[in-house]
1. So which residues in the range A:221-274 are of a type in the set (Val, Ile, Thr) and within 11 Å of RNA strand B (Cβ to nearest atom)?
2. Can you work out which of the residues in the range A:205-216 that are within 17 Å of A:Ala476 (Cα to Cα) and over 16 Å from the mean Cα position of the chain (by Cα) is surrounded by the most Cβ atoms within 10 Å (Cβ to Cβ)?
3. Where the second residue is among the aromatic types (Phe, Trp, Tyr) and assigned to a strand (DSSP E or B) and the first is under 11 Å from A:Lys202 (Cα atoms) and lies in the range A:225-240, which pairs have Cβ atoms under 9 Å and are six or more apart or on separate chains?
4. Please tell me if A:Tyr185 is assigned to a helix (DSSP H, G or I), assigned by the TED database to the domain that holds A:Leu268, farther than 23 Å from A:Trp126 by Cβ and of a type outside the set (A, V, I, L, M, F, W, C).
5. Please give the helices (runs of 4 or more DSSP H) falling wholly within the range A:33-151 in which 2 or more residues are among the basic types (Lys, Arg).
6. One residue is enough: does the range A:432-453 have a residue meeting the conditions part of a strand (DSSP E or B), out of contact with any Gly (no Cβ under 9 Å at 6 or more places or on another chain), buried (at least 18 other Cβ atoms within 10 Å of the Cβ) and not assigned by the TED database to the domain that holds A:Lys207?
7. Tell me the residue from A:Asp23, A:Asp16 that is over 19 Å from A:Trp339 (Cβ atoms) and not aromatic (Phe, Trp, Tyr), please.
8. Within the group A:Tyr33, A:Tyr70, A:Tyr47, A:Tyr57, which residue is among the hydroxyl-bearing types (Ser, Thr, Tyr) and within 10 Å of RNA strand B (Cβ to nearest atom)?
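The values are calculated or read from the model by the stated rules, or taken from the named source; none is laboratory data. All of these numbers come straight from a predicted model, not from anything done at the bench. Note: ideal-geometry Cβ built from the backbone for every residue, glycine included; neighbour counts use all protein chains shown.
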Amino acid sequence: MGKKQKVEAVTPMNEDFARWYTDVISKTELVDYSPVKGFMVIRPYGYAIWENIQKEYDKRFKETGHQNMYFPLLIPESLLKKEAEHVEGFAPEVAWVTHGGGKELAERLCIRPTSETIICSMYSKWLNTYRQLPFKYNQWCSVVRWEKTTRPFLRTSEFLWQEGHTLHETYDEAQEETMQMLDIYRDVAEEYLAIPMVVGKKSEKEKFAGAYSTYTMEALMHDGQALQSGTSHNLGQHFTKAFEISYLDRENNQANPYHTSWGISTRLIGAIIMVHGDDNGLVLPPKIAPTQLVIIPIAQHKEGVLDAAYEIKNSLKEKFRVELDDMDGYTPGWKFNQWEMKGVPIRLEIGPRDIEEGQCILARRDTGEKVQVSLEDLATTIEKLLDEIQDNMYQKALNMREQKTSIAEDMNEFKDNLTKNPGFIKAMWCGSRECEDKIKDETGATLRCVPFEQEVIGDGTCVCCREKANDMAYFARAY
RNA sequence: CGAGGUGUAGCGCAGUUUGGUAGCGCACAUGGUUUGGGACCAUGGGGCCGAAGGUUCGAAUCCUUUCACCUCGACCA
(Lines give C-alpha, C1' and ligand atoms only; values in the text may rest on other atoms or scores of the structure.)
Protein backbone atom coordinates (compact mmCIF):
# COMPACT_ATOMS: atom_id res chain seq x y z
CA MET A 1 0.00 0.00 0.00
CA GLY A 2 1.60 3.21 -1.12
CA LYS A 3 0.30 6.62 -0.31
CA LYS A 4 -1.55 8.68 -2.83
CA GLN A 5 0.36 11.24 -4.77
CA LYS A 6 -0.05 14.40 -6.68
CA VAL A 7 -0.67 14.08 -10.35
CA GLU A 8 0.59 16.91 -12.40
CA ALA A 9 2.31 17.34 -15.69
CA VAL A 10 5.94 18.32 -16.00
CA THR A 11 6.92 21.48 -17.88
CA PRO A 12 8.51 20.40 -21.20
CA MET A 13 12.30 20.69 -21.29
CA ASN A 14 12.46 22.82 -24.41
CA GLU A 15 10.02 25.30 -23.00
CA ASP A 16 11.93 25.98 -19.81
CA PHE A 17 14.74 23.70 -18.72
CA ALA A 18 15.10 25.20 -15.24
CA ARG A 19 11.43 24.79 -14.56
CA TRP A 20 11.46 21.26 -15.97
CA TYR A 21 14.17 20.46 -13.47
CA THR A 22 12.36 21.85 -10.45
CA ASP A 23 9.11 20.23 -11.54
CA VAL A 24 10.79 16.86 -11.81
CA ILE A 25 12.58 16.95 -8.50
CA SER A 26 9.56 18.09 -6.55
CA LYS A 27 6.90 16.04 -8.31
CA THR A 28 8.89 12.84 -7.99
CA GLU A 29 9.48 13.66 -4.34
CA LEU A 30 13.25 13.54 -4.56
CA VAL A 31 13.64 16.68 -2.46
CA ASP A 32 11.75 19.45 -0.81
CA TYR A 33 12.79 22.94 0.14
CA SER A 34 13.56 23.57 3.79
CA PRO A 35 12.85 26.64 5.91
CA VAL A 36 16.43 27.81 5.37
CA LYS A 37 17.40 29.07 1.94
CA GLY A 38 19.80 26.81 0.14
CA PHE A 39 19.21 23.85 2.40
CA MET A 40 17.19 21.00 0.96
CA VAL A 41 15.45 18.02 2.44
CA ILE A 42 16.33 14.83 0.62
CA ARG A 43 13.22 12.69 0.69
CA PRO A 44 13.20 8.88 0.75
CA TYR A 45 13.16 8.41 -3.00
CA GLY A 46 16.06 10.80 -3.49
CA TYR A 47 17.97 9.39 -0.57
CA ALA A 48 17.55 5.85 -1.89
CA ILE A 49 19.31 6.92 -5.09
CA TRP A 50 22.10 8.44 -3.03
CA GLU A 51 22.44 5.25 -1.01
CA ASN A 52 22.81 3.22 -4.19
CA ILE A 53 25.48 5.57 -5.49
CA GLN A 54 27.19 5.55 -2.12
CA LYS A 55 27.14 1.79 -1.91
CA GLU A 56 29.06 1.30 -5.13
CA TYR A 57 31.63 4.01 -4.49
CA ASP A 58 32.16 2.88 -0.93
CA LYS A 59 32.79 -0.63 -2.15
CA ARG A 60 35.43 0.61 -4.59
CA PHE A 61 37.13 2.72 -1.93
CA LYS A 62 37.42 -0.26 0.35
CA GLU A 63 38.64 -2.49 -2.46
CA THR A 64 41.48 -0.05 -2.97
CA GLY A 65 42.47 -0.08 0.67
CA HIS A 66 40.67 2.90 2.15
CA GLN A 67 38.93 2.95 5.49
CA ASN A 68 36.07 5.17 6.61
CA MET A 69 36.41 7.61 9.49
CA TYR A 70 34.50 10.56 10.80
CA PHE A 71 35.84 14.00 11.63
CA PRO A 72 33.97 16.77 13.45
CA LEU A 73 31.66 19.30 11.88
CA LEU A 74 33.27 22.32 13.51
CA ILE A 75 36.74 23.63 12.81
CA PRO A 76 38.46 26.37 14.85
CA GLU A 77 39.23 29.47 12.86
CA SER A 78 42.94 29.18 13.63
CA LEU A 79 43.10 25.81 11.87
CA LEU A 80 41.28 27.00 8.79
CA LYS A 81 43.74 29.84 8.45
CA LYS A 82 46.86 27.72 8.38
CA GLU A 83 47.00 27.17 4.65
CA ALA A 84 46.87 30.59 3.01
CA GLU A 85 45.44 29.74 -0.44
CA HIS A 86 42.87 27.51 1.17
CA VAL A 87 41.37 30.15 3.50
CA GLU A 88 41.36 32.66 0.72
CA GLY A 89 39.47 30.26 -1.52
CA PHE A 90 36.85 29.29 1.01
CA ALA A 91 36.51 32.33 3.28
CA PRO A 92 33.62 33.93 1.37
CA GLU A 93 31.43 30.86 1.69
CA VAL A 94 32.11 29.74 5.22
CA ALA A 95 29.41 29.69 7.93
CA TRP A 96 30.53 30.50 11.45
CA VAL A 97 29.44 29.40 14.89
CA THR A 98 30.03 32.25 17.30
CA HIS A 99 27.98 31.26 20.32
CA GLY A 100 27.67 28.13 22.41
CA GLY A 101 25.76 27.50 25.59
CA GLY A 102 24.47 31.03 25.45
CA LYS A 103 27.92 32.58 25.54
CA GLU A 104 30.11 34.07 22.89
CA LEU A 105 32.99 31.71 22.08
CA ALA A 106 36.60 32.75 22.64
CA GLU A 107 37.39 31.56 19.12
CA ARG A 108 34.76 31.27 16.46
CA LEU A 109 34.27 27.90 14.80
CA CYS A 110 33.65 27.34 11.16
CA ILE A 111 31.25 24.74 9.86
CA ARG A 112 33.41 22.63 7.58
CA PRO A 113 33.31 23.65 3.93
CA THR A 114 35.66 20.66 3.44
CA SER A 115 37.83 18.91 5.97
CA GLU A 116 41.45 19.21 4.85
CA THR A 117 42.39 21.39 7.80
CA ILE A 118 40.85 19.41 10.62
CA ILE A 119 42.03 16.14 9.11
CA CYS A 120 45.57 17.42 8.64
CA SER A 121 45.71 18.66 12.20
CA MET A 122 44.81 15.18 13.36
CA TYR A 123 47.15 13.46 10.91
CA SER A 124 50.02 15.49 12.33
CA LYS A 125 49.36 13.92 15.71
CA TRP A 126 49.17 10.42 14.37
CA LEU A 127 52.01 10.18 11.88
CA ASN A 128 55.49 9.38 13.19
CA THR A 129 57.22 7.04 10.79
CA TYR A 130 57.27 6.02 7.15
CA ARG A 131 56.20 2.58 8.35
CA GLN A 132 52.69 3.97 8.94
CA LEU A 133 52.31 5.28 5.41
CA PRO A 134 50.24 5.46 3.38
CA PHE A 135 47.27 6.89 5.30
CA LYS A 136 44.17 6.09 3.28
CA TYR A 137 41.00 7.38 4.89
CA ASN A 138 37.64 8.56 3.72
CA GLN A 139 34.60 10.12 5.28
CA TRP A 140 30.96 10.37 4.26
CA CYS A 141 29.48 13.56 5.65
CA SER A 142 27.90 16.84 4.75
CA VAL A 143 29.66 20.16 4.27
CA VAL A 144 28.39 23.72 4.29
CA ARG A 145 29.29 26.38 1.78
CA TRP A 146 27.20 29.53 1.94
CA GLU A 147 26.01 29.92 -1.62
CA LYS A 148 24.30 32.90 -3.12
CA THR A 149 22.40 31.10 -5.82
CA THR A 150 21.19 27.64 -4.96
CA ARG A 151 19.46 24.82 -6.79
CA PRO A 152 18.61 21.44 -5.32
CA PHE A 153 21.41 18.90 -5.89
CA LEU A 154 23.38 21.23 -8.17
CA ARG A 155 24.33 23.91 -5.70
CA THR A 156 23.04 23.90 -2.16
CA SER A 157 24.51 25.47 0.93
CA GLU A 158 24.78 22.08 2.56
CA PHE A 159 25.44 18.96 0.57
CA LEU A 160 26.21 15.32 1.22
CA TRP A 161 29.45 14.06 -0.11
CA GLN A 162 32.44 11.89 0.47
CA GLU A 163 35.95 13.17 0.98
CA GLY A 164 38.98 10.94 0.86
CA HIS A 165 42.25 12.12 2.39
CA THR A 166 45.47 10.24 1.92
CA LEU A 167 49.13 10.68 2.80
CA HIS A 168 52.03 9.16 0.90
CA GLU A 169 55.79 9.01 1.01
CA THR A 170 56.37 10.31 -2.48
CA TYR A 171 54.90 12.71 -4.95
CA ASP A 172 54.53 9.91 -7.47
CA GLU A 173 52.57 7.77 -5.07
CA ALA A 174 50.25 10.68 -4.31
CA GLN A 175 49.84 11.32 -8.00
CA GLU A 176 49.03 7.68 -8.59
CA GLU A 177 46.41 7.79 -5.84
CA THR A 178 44.91 10.95 -7.30
CA MET A 179 44.57 9.34 -10.69
CA GLN A 180 43.30 6.04 -9.33
CA MET A 181 40.47 7.74 -7.48
CA LEU A 182 39.51 9.84 -10.48
CA ASP A 183 39.42 6.65 -12.46
CA ILE A 184 37.10 5.02 -9.93
CA TYR A 185 34.87 8.08 -10.06
CA ARG A 186 34.65 7.91 -13.82
CA ASP A 187 34.20 4.17 -13.90
CA VAL A 188 31.24 4.12 -11.51
CA ALA A 189 29.70 7.19 -13.15
CA GLU A 190 29.84 5.55 -16.55
CA GLU A 191 28.99 2.02 -15.58
CA TYR A 192 26.38 2.66 -12.88
CA LEU A 193 25.02 6.12 -13.56
CA ALA A 194 25.32 5.63 -17.34
CA ILE A 195 26.85 9.08 -17.68
CA PRO A 196 29.80 9.51 -20.03
CA MET A 197 32.49 11.68 -18.49
CA VAL A 198 35.28 13.81 -19.84
CA VAL A 199 38.26 13.47 -17.55
CA GLY A 200 41.18 15.80 -17.36
CA LYS A 201 43.08 18.42 -15.47
CA LYS A 202 41.76 21.72 -14.15
CA SER A 203 43.46 24.98 -15.03
CA GLU A 204 45.27 26.97 -12.34
CA LYS A 205 42.26 29.26 -12.17
CA GLU A 206 39.77 26.47 -11.62
CA LYS A 207 41.76 24.20 -9.35
CA PHE A 208 40.95 23.56 -5.68
CA ALA A 209 42.13 26.19 -3.21
CA GLY A 210 45.43 24.87 -1.91
CA ALA A 211 45.93 22.10 -4.45
CA TYR A 212 49.06 21.37 -6.43
CA SER A 213 46.82 20.10 -9.19
CA THR A 214 43.16 19.20 -9.55
CA TYR A 215 41.65 16.59 -11.81
CA THR A 216 37.99 16.42 -12.68
CA MET A 217 35.28 14.50 -14.43
CA GLU A 218 32.83 16.64 -16.36
CA ALA A 219 29.43 15.64 -17.67
CA LEU A 220 27.23 17.41 -20.18
CA MET A 221 23.57 18.08 -19.37
CA HIS A 222 20.63 18.15 -21.75
CA ASP A 223 20.64 21.91 -21.89
CA GLY A 224 24.27 21.98 -23.01
CA GLN A 225 25.68 23.05 -19.68
CA ALA A 226 28.58 21.19 -18.12
CA LEU A 227 28.52 19.80 -14.60
CA GLN A 228 31.68 19.17 -12.62
CA SER A 229 30.85 15.78 -11.19
CA GLY A 230 33.84 14.71 -9.15
CA THR A 231 37.29 16.02 -8.38
CA SER A 232 40.53 14.49 -7.24
CA HIS A 233 43.34 16.66 -5.96
CA ASN A 234 47.04 16.14 -5.66
CA LEU A 235 47.70 18.53 -2.79
CA GLY A 236 51.46 18.07 -2.83
CA GLN A 237 52.95 19.19 0.46
CA HIS A 238 50.98 22.43 0.78
CA PHE A 239 48.88 21.26 3.68
CA THR A 240 51.33 18.83 5.23
CA LYS A 241 53.88 21.62 5.57
CA ALA A 242 51.34 24.13 6.84
CA PHE A 243 50.06 21.63 9.39
CA GLU A 244 53.51 20.35 10.26
CA ILE A 245 52.74 16.77 9.39
CA SER A 246 56.13 15.11 9.45
CA TYR A 247 57.62 11.70 9.92
CA LEU A 248 60.95 9.97 10.01
CA ASP A 249 61.64 8.71 6.52
CA ARG A 250 63.65 5.72 5.39
CA GLU A 251 66.89 7.71 5.72
CA ASN A 252 66.01 8.76 9.25
CA ASN A 253 65.26 12.34 8.19
CA GLN A 254 62.20 14.41 9.04
CA ALA A 255 59.99 14.61 5.95
CA ASN A 256 56.58 15.96 4.98
CA PRO A 257 54.29 13.46 3.31
CA TYR A 258 52.45 14.04 0.05
CA HIS A 259 48.73 14.50 0.32
CA THR A 260 45.63 13.87 -1.79
CA SER A 261 41.93 14.52 -1.40
CA TRP A 262 39.01 13.59 -3.61
CA GLY A 263 35.26 13.96 -3.52
CA ILE A 264 31.94 13.24 -5.14
CA SER A 265 28.63 14.61 -3.93
CA THR A 266 24.86 14.48 -4.18
CA ARG A 267 25.40 16.65 -7.23
CA LEU A 268 25.68 13.36 -9.10
CA ILE A 269 21.94 12.98 -8.59
CA GLY A 270 21.49 16.28 -10.40
CA ALA A 271 23.59 14.88 -13.22
CA ILE A 272 21.44 11.76 -13.48
CA ILE A 273 18.31 13.88 -13.66
CA MET A 274 19.65 16.28 -16.28
CA VAL A 275 21.43 13.75 -18.46
CA HIS A 276 18.76 11.07 -18.67
CA GLY A 277 15.47 12.80 -17.88
CA ASP A 278 12.81 13.57 -20.48
CA ASP A 279 9.47 15.37 -20.71
CA ASN A 280 7.77 12.61 -18.78
CA GLY A 281 10.12 13.00 -15.84
CA LEU A 282 13.00 10.99 -14.50
CA VAL A 283 14.70 8.14 -16.31
CA LEU A 284 16.83 6.20 -13.86
CA PRO A 285 19.64 3.84 -14.80
CA PRO A 286 18.67 0.32 -13.66
CA LYS A 287 21.81 -0.12 -11.59
CA ILE A 288 20.97 2.71 -9.21
CA ALA A 289 17.17 2.95 -9.52
CA PRO A 290 15.58 2.42 -6.10
CA THR A 291 12.84 0.50 -7.89
CA GLN A 292 13.94 -1.40 -10.98
CA LEU A 293 10.59 -2.83 -11.86
CA VAL A 294 7.05 -1.87 -10.94
CA ILE A 295 4.15 -4.24 -11.32
CA ILE A 296 0.83 -2.66 -12.24
CA PRO A 297 -2.16 -4.96 -12.01
CA ILE A 298 -4.89 -4.24 -14.52
CA ALA A 299 -8.49 -4.54 -13.31
CA GLN A 300 -7.12 -5.59 -9.97
CA HIS A 301 -10.56 -6.15 -8.48
CA LYS A 302 -11.10 -9.09 -10.80
CA GLU A 303 -10.51 -12.48 -9.38
CA GLY A 304 -6.99 -13.80 -9.67
CA VAL A 305 -5.33 -10.60 -10.85
CA LEU A 306 -3.81 -9.50 -7.58
CA ASP A 307 -2.86 -13.05 -6.72
CA ALA A 308 -1.01 -13.36 -9.99
CA ALA A 309 0.65 -9.99 -9.44
CA TYR A 310 1.84 -10.97 -5.98
CA GLU A 311 3.08 -14.27 -7.27
CA ILE A 312 5.18 -12.48 -9.87
CA LYS A 313 6.49 -10.08 -7.28
CA ASN A 314 7.52 -12.90 -5.00
CA SER A 315 9.26 -14.73 -7.78
CA LEU A 316 11.28 -11.62 -8.70
CA LYS A 317 11.99 -9.91 -5.41
CA GLU A 318 15.13 -11.87 -4.64
CA LYS A 319 16.79 -10.76 -7.85
CA PHE A 320 15.42 -7.29 -8.44
CA ARG A 321 14.17 -4.24 -6.58
CA VAL A 322 10.44 -4.71 -7.26
CA GLU A 323 7.37 -2.73 -6.29
CA LEU A 324 3.77 -3.75 -6.72
CA ASP A 325 1.35 -0.84 -7.02
CA ASP A 326 -1.93 -2.25 -5.74
CA MET A 327 -3.43 1.07 -4.70
CA ASP A 328 -7.18 1.11 -4.98
CA GLY A 329 -9.04 3.84 -6.70
CA TYR A 330 -6.42 4.76 -9.27
CA THR A 331 -6.66 3.78 -12.87
CA PRO A 332 -3.80 1.90 -14.49
CA GLY A 333 -3.21 4.89 -16.74
CA TRP A 334 -2.68 7.12 -13.74
CA LYS A 335 -0.18 4.67 -12.31
CA PHE A 336 1.66 4.36 -15.62
CA ASN A 337 2.25 8.08 -15.67
CA GLN A 338 3.16 8.25 -12.05
CA TRP A 339 5.83 5.57 -12.24
CA GLU A 340 7.16 6.88 -15.50
CA MET A 341 7.63 10.23 -13.87
CA LYS A 342 9.59 8.49 -11.15
CA GLY A 343 11.85 6.97 -13.77
CA VAL A 344 11.38 3.29 -12.97
CA PRO A 345 13.21 1.37 -15.74
CA ILE A 346 10.61 -1.34 -16.37
CA ARG A 347 6.87 -1.50 -15.88
CA LEU A 348 5.18 -4.87 -15.80
CA GLU A 349 1.47 -4.94 -16.65
CA ILE A 350 -0.56 -7.97 -15.68
CA GLY A 351 -4.29 -8.21 -16.35
CA PRO A 352 -7.00 -10.83 -16.86
CA ARG A 353 -6.15 -11.29 -20.53
CA ASP A 354 -2.48 -11.87 -19.76
CA ILE A 355 -3.23 -14.37 -17.06
CA GLU A 356 -5.29 -16.40 -19.53
CA GLU A 357 -2.38 -16.36 -21.98
CA GLY A 358 0.30 -17.00 -19.40
CA GLN A 359 2.07 -13.77 -20.25
CA CYS A 360 2.53 -10.18 -19.18
CA ILE A 361 3.54 -6.87 -20.73
CA LEU A 362 6.89 -5.22 -20.13
CA ALA A 363 7.27 -1.53 -20.94
CA ARG A 364 10.67 0.09 -20.84
CA ARG A 365 11.08 3.63 -19.59
CA ASP A 366 14.01 4.61 -21.80
CA THR A 367 12.31 3.91 -25.15
CA GLY A 368 8.66 3.55 -24.21
CA GLU A 369 8.62 0.25 -26.06
CA LYS A 370 6.15 -2.42 -24.90
CA VAL A 371 6.61 -6.15 -25.35
CA GLN A 372 4.55 -9.21 -24.52
CA VAL A 373 6.55 -11.82 -22.69
CA SER A 374 5.87 -15.23 -21.35
CA LEU A 375 5.66 -15.67 -17.59
CA GLU A 376 8.16 -18.47 -17.94
CA ASP A 377 11.75 -17.34 -17.66
CA LEU A 378 10.49 -13.93 -16.68
CA ALA A 379 13.48 -13.27 -14.45
CA THR A 380 15.91 -13.99 -17.27
CA THR A 381 14.00 -11.75 -19.65
CA ILE A 382 13.97 -8.92 -17.14
CA GLU A 383 17.62 -9.27 -16.32
CA LYS A 384 18.50 -8.98 -19.98
CA LEU A 385 16.17 -6.08 -20.46
CA LEU A 386 17.64 -4.17 -17.52
CA ASP A 387 21.12 -4.65 -18.96
CA GLU A 388 19.89 -3.47 -22.32
CA ILE A 389 18.32 -0.38 -20.79
CA GLN A 390 21.48 0.42 -18.86
CA ASP A 391 23.57 0.14 -22.04
CA ASN A 392 21.10 2.04 -24.12
CA MET A 393 21.00 4.89 -21.61
CA TYR A 394 24.77 5.22 -21.66
CA GLN A 395 24.81 5.13 -25.43
CA LYS A 396 22.05 7.73 -25.67
CA ALA A 397 23.85 9.99 -23.24
CA LEU A 398 27.07 9.58 -25.18
CA ASN A 399 25.33 10.41 -28.45
CA MET A 400 23.77 13.45 -26.85
CA ARG A 401 27.15 14.63 -25.62
CA GLU A 402 28.82 14.05 -28.96
CA GLN A 403 26.06 15.88 -30.74
CA LYS A 404 26.59 18.81 -28.37
CA THR A 405 30.37 18.80 -28.62
CA SER A 406 31.97 20.95 -31.28
CA ILE A 407 35.37 22.34 -32.13
CA ALA A 408 36.36 25.95 -32.54
CA GLU A 409 39.45 27.34 -34.25
CA ASP A 410 38.78 30.99 -33.55
CA MET A 411 36.65 33.12 -31.27
CA ASN A 412 33.93 33.75 -33.81
CA GLU A 413 33.45 30.08 -34.34
CA PHE A 414 33.55 29.61 -30.57
CA LYS A 415 30.74 32.09 -29.96
CA ASP A 416 28.78 30.84 -32.91
CA ASN A 417 28.87 27.26 -31.69
CA LEU A 418 27.94 28.24 -28.19
CA THR A 419 24.82 29.98 -29.45
CA LYS A 420 23.78 27.51 -32.12
CA ASN A 421 24.66 24.29 -30.36
CA PRO A 422 25.34 24.89 -26.66
CA GLY A 423 27.61 22.27 -25.18
CA PHE A 424 31.26 21.39 -24.95
CA ILE A 425 33.61 23.28 -27.19
CA LYS A 426 37.00 21.79 -27.87
CA ALA A 427 39.62 24.40 -28.61
CA MET A 428 43.36 24.96 -28.38
CA TRP A 429 44.53 26.95 -25.40
CA CYS A 430 47.92 28.57 -24.88
CA GLY A 431 47.79 27.98 -21.14
CA SER A 432 47.57 31.61 -20.09
CA ARG A 433 45.19 32.95 -17.49
CA GLU A 434 44.59 36.00 -19.68
CA CYS A 435 43.08 33.96 -22.49
CA GLU A 436 41.06 31.84 -20.09
CA ASP A 437 39.59 34.99 -18.50
CA LYS A 438 38.97 36.63 -21.82
CA ILE A 439 37.09 33.62 -23.13
CA LYS A 440 34.94 33.62 -20.04
CA ASP A 441 34.23 37.34 -20.27
CA GLU A 442 33.32 37.20 -23.92
CA THR A 443 31.38 33.97 -24.03
CA GLY A 444 30.38 32.96 -20.52
CA ALA A 445 32.08 29.62 -21.07
CA THR A 446 34.68 28.42 -18.59
CA LEU A 447 37.57 26.08 -19.11
CA ARG A 448 36.22 22.78 -17.84
CA CYS A 449 39.42 20.82 -18.18
CA VAL A 450 42.40 19.91 -20.28
CA PRO A 451 41.42 16.35 -21.14
CA PHE A 452 43.83 13.45 -20.91
CA GLU A 453 42.78 12.46 -24.41
CA GLN A 454 44.42 15.18 -26.44
CA GLU A 455 44.08 16.14 -30.07
CA VAL A 456 45.14 19.08 -32.17
CA ILE A 457 42.40 21.41 -33.36
CA GLY A 458 43.06 23.32 -36.58
CA ASP A 459 46.54 24.78 -36.88
CA GLY A 460 47.31 24.25 -33.22
CA THR A 461 47.21 27.89 -32.14
CA CYS A 462 45.31 29.26 -29.16
CA VAL A 463 41.68 29.94 -29.99
CA CYS A 464 41.97 33.27 -28.23
CA CYS A 465 45.43 34.81 -28.76
CA ARG A 466 46.56 32.72 -31.75
CA GLU A 467 49.92 31.97 -30.14
CA LYS A 468 51.21 28.45 -30.35
CA ALA A 469 49.27 26.21 -27.95
CA ASN A 470 50.23 22.90 -26.43
CA ASP A 471 46.89 22.00 -24.96
CA MET A 472 43.42 21.28 -26.22
CA ALA A 473 40.79 22.12 -23.62
CA TYR A 474 37.08 21.62 -23.14
CA PHE A 475 35.07 24.80 -22.60
CA ALA A 476 31.41 25.14 -21.66
CA ARG A 477 28.96 27.10 -19.66
CA ALA A 478 28.70 25.29 -16.40
CA TYR A 479 26.49 24.85 -13.38
C1' C B 1 25.59 41.18 -3.49
C1' G B 2 22.74 44.15 -7.69
C1' A B 3 17.81 44.12 -10.65
C1' G B 4 12.98 42.30 -10.91
C1' G B 5 8.89 39.21 -9.15
C1' U B 6 5.86 36.42 -5.60
C1' G B 7 3.89 35.20 -0.51
C1' U B 8 -4.17 33.58 0.63
C1' A B 9 -5.88 25.31 2.44
C1' G B 10 -0.89 20.18 0.76
C1' C B 11 -0.29 22.29 -4.61
C1' G B 12 -1.94 26.04 -8.37
C1' C B 13 -4.62 30.41 -8.08
C1' A B 14 -8.97 34.31 -7.58
C1' G B 15 -10.20 38.04 -4.17
C1' U B 16 -6.35 43.55 -2.96
C1' U B 17 -7.67 48.82 -7.48
C1' U B 18 -13.02 50.67 -4.60
C1' G B 19 -11.80 47.84 3.52
C1' G B 20 -17.54 44.69 5.61
C1' U B 21 -14.96 39.09 8.46
C1' A B 22 -12.41 34.09 2.61
C1' G B 23 -13.46 31.36 -2.37
C1' C B 24 -12.24 28.12 -6.89
C1' G B 25 -9.54 23.92 -9.24
C1' C B 26 -6.54 19.86 -8.07
C1' A B 27 -5.04 16.87 -3.94
C1' C B 28 -7.11 14.55 0.78
C1' A B 29 -11.41 11.44 3.57
C1' U B 30 -16.01 8.32 3.16
C1' G B 31 -19.57 5.57 0.06
C1' G B 32 -20.86 3.81 -4.71
C1' U B 33 -20.02 2.93 -10.03
C1' U B 34 -15.23 2.15 -12.69
C1' U B 35 -10.19 -0.09 -14.22
C1' G B 36 -5.22 -2.41 -20.89
C1' G B 37 -2.34 5.31 -21.06
C1' G B 38 -3.79 10.66 -16.08
C1' A B 39 -12.36 7.69 -14.76
C1' C B 40 -17.02 9.52 -12.59
C1' C B 41 -21.06 10.73 -9.02
C1' A B 42 -22.40 12.10 -4.08
C1' U B 43 -20.98 13.76 0.67
C1' G B 44 -17.17 15.77 3.81
C1' G B 45 -12.62 17.77 6.47
C1' G B 46 -9.02 21.46 6.11
C1' G B 47 -7.02 28.65 6.16
C1' C B 48 -5.15 33.37 13.14
C1' C B 49 -4.61 35.41 4.26
C1' G B 50 4.38 35.05 5.34
C1' A B 51 5.44 37.92 10.21
C1' A B 52 5.21 42.41 13.35
C1' G B 53 3.39 47.13 14.12
C1' G B 54 -0.06 51.08 12.61
C1' U B 55 -4.74 53.56 10.47
C1' U B 56 -10.05 52.20 11.14
C1' C B 57 -16.23 50.74 14.31
C1' G B 58 -14.09 46.99 11.03
C1' A B 59 -7.93 45.01 7.35
C1' A B 60 -6.19 39.43 2.99
C1' U B 61 -7.33 44.46 1.09
C1' C B 62 -4.60 50.90 3.10
C1' C B 63 0.45 52.57 5.54
C1' U B 64 5.33 51.23 7.81
C1' U B 65 8.87 47.65 8.97
C1' U B 66 10.57 42.81 8.41
C1' C B 67 11.22 37.68 6.73
C1' A B 68 11.19 34.02 3.07
C1' C B 69 11.12 32.01 -1.75
C1' C B 70 11.62 32.36 -7.23
C1' U B 71 13.90 34.39 -11.88
C1' C B 72 18.03 37.00 -14.15
C1' G B 73 23.05 38.81 -13.49
C1' A B 74 28.26 39.01 -10.61
C1' C B 75 30.87 34.63 -7.33
C1' C B 76 31.02 29.06 -6.55
C1' A B 77 31.41 21.22 -5.60
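1. If the condition is that a residue be of a type in the set (Val, Ile, Thr) and within 11 Å of RNA strand B (Cβ to nearest atom), then A:Thr231, A:Ile264, A:Thr266, A:Ile269 are the ones that fit.
2. Within the range A:205-216, the match that is surrounded by the most Cβ atoms within 10 Å (Cβ to Cβ) is A:Lys207.
3. That search, which allows pairs on different chains as well, returns A:Thr231/A:Tyr215; A:Thr231/A:Trp262; A:Ser232/A:Tyr215; A:Ser232/A:Trp262; A:His233/A:Tyr215; A:His233/A:Trp262.
4. Judged against the criteria, A:Tyr185 is a match.
5. On the way: elements: A:44-63, A:77-80, A:84-90, A:116-126.
Of the helices (runs of 4 or more DSSP H) lying wholly inside the range A:33-151, those with at least 2 residues that are among the basic types (Lys, Arg) span A:44-63.
6. Here is the first cut: in the range A:432-453, the residues part of a strand (DSSP E or B) are A:446-451.
Remaining after also requiring out of contact with any Gly (no Cβ under 9 Å at 6 or more places or on another chain): A:446-447.
Filter again for buried (at least 18 other Cβ atoms within 10 Å of the Cβ), leaving A:446-447.
If we keep only those that are not assigned by the TED database to the domain that holds A:Lys207 too, we end up with A:446-447.
Yes, the range A:432-453 has at least one match.
7. Numbers: A:Asp23 fails: over 19 Å from A:Trp339 (Cβ atoms).
Selected residue: A:Asp16, the only one of A:Asp23, A:Asp16 that is over 19 Å from A:Trp339 (Cβ atoms) and not aromatic (Phe, Trp, Tyr).
8. Numbers: A:Tyr70 fails: within 10 Å of RNA strand B (Cβ to nearest atom); A:Tyr47 fails: within 10 Å of RNA strand B (Cβ to nearest atom); A:Tyr57 fails: within 10 Å of RNA strand B (Cβ to nearest atom).
That would be A:Tyr33, the only listed residue that is among the hydroxyl-bearing types (Ser, Thr, Tyr) and within 10 Å of RNA strand B (Cβ to nearest atom).
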